[in-house]
1. Relative contact order for chain A using alpha-carbon pairs under 8 Å, separation at least 6, rounded to a whole percent?
2. Quick test of the membrane-span-like rule: which DSSP H helices of chain A reach at least 15 Å along their long axis (C-alpha atoms) with mean Kyte hydropathy at least -0.5?
3. Give the residue list of GluC sites (Glu not before Pro) in the stretch A:48-97 that are DSSP loop and have at most 10 other beta-carbon atoms within 10 angstrom.
4. Evaluate the charge dipole of the stretch A:291-354 about its Cα centre and quote only its size in Debye, nearest 20, assuming +1 on the Cβ of each Lys and Arg and -1 on the Cβ of each Asp and Glu.
5. Taking 0.36 nm per residue of separation and subtracting the Cα-Cα distance, what length does fully extending A:A276 through A:Q247 add?
6. Rank A:F161, A:F317, A:F210 by mean-square fluctuation in a GNM of chain A with C-alpha springs under 10 angstrom and give only the top-ranked residue.
7. Using modelled amide H (1.01 Å from N, peptide plane; none on Pro or chain starts), what sits under 5 Å from the amide H of A:M181, excluding residues fewer than 5 places away?
8. Compute the Cα gyration tensor for the stretch A:34-173, then decide on rounded, prolate or oblate, letting a ≥ b ≥ c be the square roots of its eigenvalues: rounded whenever a/c is under 1.5, prolate when a/b is larger than b/c in the other cases, and oblate in all that remain.
Amino acid sequence: MNLRGITDGAGEWLRGSGPHSDVVISSRVRLARNLAGFHFVNRANRRQRYEVLEACRSQVLSKRLSENTIWVDLADSPAIDRQLLVERHLISRDLAKRSADTPRAVAIASDETFSVMINEEDHLRMQVLRSGMQLGDALSHIDRIDDILEEKLDFAFSRRFGYLSACPTNVGTGIRVSVMMHLPALKLTGEIERVKRAARDMHLAVRGLFGEGSESLGDLFQVSNQSTLGRTEKEILEDFERTIIPQMIAYEHQARQALIRQREKQLDDKIWRAWALLTNSRVMGTDEALSLLSHLRLGVHLDRIDATNIRTVNELFLLCQPAHLQRVMGQEMTPAARRIARADLLRQRLISHN
Amino acid sequence: MKYKCDQCDRPATYHAVEIIKGQKIEKHLCDQHAAEDGLGIKSAHAPINELLTNFVKATGETDKPSSALDLTCPDCGLTFSEFRDKSLLGCQSCYTAFEAPLTGLLERAHEGGNHHIGKVPRRGGGAGEQRQLQITRIRKRLNDAVEAEDYELAAQLRDDLSDLEADGGAPA
């Protein structure tokens, strides 16, 4: 296995390009599918799980899906590689953590625009990832992948309930539309709680960078649909594209403008303090780094600071996370050593791009 | 990755904010201490667990001997009560075996949705199913149109519907 190729740069989801990339980090659409005739993963024994893995393997590696696809057998890959894939949003934390001998794998297009997890909660969890607000593209891409796989694989499907998933919360379309947003101004003005409540009233889930329990890390929020049954894929997606996301972008923009109008000095202070700490600290943890990078990113997008550029900031969001940091340093490190290496890396990258 | 457990050095996996007598108390605990504290193990499926428990309570099925809890999937052997604990089904046949108790649950989890109207796999689908689905979709749009008082659209959808049903010879 060779993950070296995918550690350079920020990958698709943090590329910082695409429509509305000042607020929308990435768009993701995933489908849950199970093979007909096999027990679901949680009730399958080791042999059955292995059979599923083998049945899927040649199909997900098909040249029709991507010219170059990397296959990562997660049962015999080091924890740090699995963590690296989690940080790049190519596999779930759940799949990374499962006990060592559970047959499971992920296929990743080398440009990281799509990945297929095998033997996660469902036999197949496929996702397409796009920078910025590109949900329509993401849906048509995943639909094409699903069509190609379906030519060779029999998916469990019922007329009444649609695509059958292990957890009934995913049944029907099996679709999860999620948009990762950077909302520092709503956080600073304290309006984020209102926005989150409104989103929840609309049956949307609002989670942090890595799902539950990582709330507001780096002011990054993932908004996704909860219901998957009784509406078409397109209807679910259009809610996001036409109403939910444009509204949240507008709120964030309003909050940014309000900060400039009413709290200009305080805003600049936040941004320049973030710069000062990032370029002078000698010891820094991940959470602090992400939170400071968030303020710096806001400053760059609002043209309040020209000491760095958005590409560098986006890359650092990823490189300061534990597995990426250890990759860059070329060795495994204790958390204490990482905090020192992280501060060094931030200083070097930010000052050299000055 | 954000907090350490309040009671040991392991990473906290359980997070809660409680308001007691107007005082905000944050709790960050690891799995073990969360269990000891009676907070239970954090599960990604907490909402559906809650739904299930409430659902079973609401229908009073816990008291009856021949309750939904005793249903067993003939294919994988999962019981409804096991499903309630784990909130994961064991195989595709579970959907048939537990159809009755699942229906109400699905409606709650999916904003009233209880019937698939999305994509159909070409292998599993077939022309008959496709037509059925089209009808269901148009019916839903018709319903929405009537609710939105868009009578022009509603009239057109009714025409589409009668065309489709005439084609397939389905009962009106």
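1. Here the relative contact order equals 19 percent.
2. Details: long enough: A:46-60 (21 Å, -1.17); A:135-152 (26 Å, -0.39); A:245-262 (25 Å, -0.44); A:264-280 (24 Å, -0.75); A:286-301 (22 Å, 0.28); A:335-352 (25 Å, -0.24).
Within chain A the helices that satisfy the rule are A:135-152, A:245-262, A:286-301, A:335-352.
3. Answer by residue number: A:E67.
4. Details: 9 positive and 5 negative charges, 23 e Å.
In debye, rounded to 20, the stretch A:291-354 gives about 120.
5. 7.1 nm
6. Greatest mean-square fluctuation among the candidates belongs to A:F161.
7. Those qualifying (amide H under 5 Å, at least 5 residues apart or on another chain) are A:I25, A:F221, A:Q222, A:V223.
8. Rounded, since a/c falls under 1.5.
Every number in this text was worked out from the coordinates using simple rules, so none of it is lab data. Because the structure is predicted, anything quoted here is derived from the model rather than measured. Here Cβ is always computed from backbone atoms with ideal geometry, including for glycine, and neighbour counts include all displayed protein chains.
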